[in-house]
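Reading through the C-alpha cells given below for one structure.
The values are calculated or read from the model by the stated rules, or taken from the named source; none is laboratory data. Note that the structure is a prediction, hence the values are computed from the model and not measured. Methodologically, a virtual Cβ is constructed for each residue, glycine included, from the backbone with ideal geometry; neighbour enumeration extends over all protein chains shown. To get the accessible areas, we keep the full protein, side chains included, count just its heavy atoms, and leave off ligands, DNA and RNA. Shrake-Rupley method; radii C 1.70, N 1.55, O 1.52, S 1.80 Å.
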Amino acid sequence: MKNSSDPQLRQLALEAAQYVTTDVGRMHKDDLIDDLCARIGERDDLEGAVLRKAAQSLMRDLGERRSPRRNRRTGGLYHPDSIIKLGNGIWVWMKHTTPTDMTRWGLISSRNTVRSVTADAEKQQYIHERTDAFRLNPGLSSLHPLEEAVFHYRQATLDDADWEADHEDL
C-alpha cells in the first residue's frame with residue numbers, strides 16, 4: 001500500500017537534491033541528507049510519513065543484513081537467524097524454512113538473477129553507445145547535449161509523469 005504522503009516526501013527530496021547540486025551537476029550524499037533533514041524538520045505535518053519511511057528503511061536494512069550469505073567456516077548458506085524473502089511481503093526466519101519455502105526462494109532468486117543480468121546488459125550497452133558517441137563527438141562534453149544531438153532526445157510534456165511511474169521504487 002502506498003503512503004499518501006510519498007509524493008510530498010519525494011518532492012522534498014527532489015528539491016533538496018536540486019539545492020545541493022553544484023554548478024557541474026554533482027551532489028554529495030551527506031549534503032543531501034543534511035538539507036533533507038532540515039526540510040523535513042520544518043514540516044510537522046509529515047511526521048507520520050517520515051516515521052513510516054524510517055521504519056521501511058530499517059526493515060530493508062534488516063532484510064539485507066540477515067540475507068543468507070556463504071559461511072566461511074561451514075561453506076554453506078545456513079544460519080538460523082538469517083531471513084529468507086519469499087515474495088509478496090512474506091519473510092521467514094531461515095530456521096523455520098519449509099521445503100515449499102526453499103522452492104519459492106529458489107524461483108525468486110532465479111528470476112531476480114535474470115532481471116539483474118538483463119538490466120546490467122542493457123546498462124552496459126547504453127554506456128558503450130554513449131562512450132563511443134563521446135569519442136566521435138569530442139565537442140560534446142556532457143550527456144544532455146550528446147543525447148539531443150546524436151540520439152535525438154526530446155523531452156515530451158509527459159516524460160516526467162512517465163519517469164515517476166517507471167521509477168517508483170527508487
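Select the helices (runs of 4 or more DSSP H) contained entirely in the stretch 1-81, then report the ones holding at least 2 residues which are closer than 30 Å to TRP93 by Cβ, within 18 Å of the chain's Cα centre (by Cα) and among the aliphatic types (A, V, I, L, M).
47-65
Could you check the stretch 122-152 and list, in sequence order, the residues that are among the hydroxyl-bearing types (Ser, Thr, Tyr), open to solvent by less than 100 Å² (accessible area, probe 1.4 Å) and closer than 21 Å to VAL24 by Cβ?
THR131, SER142
Within the stretch 40-75, work out how many residues are at pLDDT 95 or above and surrounded by 13 or more Cβ atoms within 10 Å (Cβ to Cβ).
Residues that pass the stated criteria total 4.
Quick check on VAL117: is it open to solvent by less than 70 Å² (accessible area, probe 1.4 Å) and either charged (D, E, K, R) or at pLDDT 95 or above (or both)?
Judged against the criteria, VAL117 is not a match.
Give the stretch 50-100 a look and list any residue that's closer than 30 Å to SER4 by Cβ, touching a Lys or Arg at 6+ places or on another chain (Cβ under 9 Å) and touching a residue at least 24 places away in the same chain (Cβ under 8 Å), or say none.
Scanning the stretch 50-100 gives VAL50, GLY63, TRP91.
Taking the stretch 88-97 as the region of interest, how many residues are touching a helix residue (DSSP H, G or I) at 6+ places or on another chain (Cβ under 8 Å) and open to solvent by 30 Å² or more (accessible area, probe 1.4 Å)?
2
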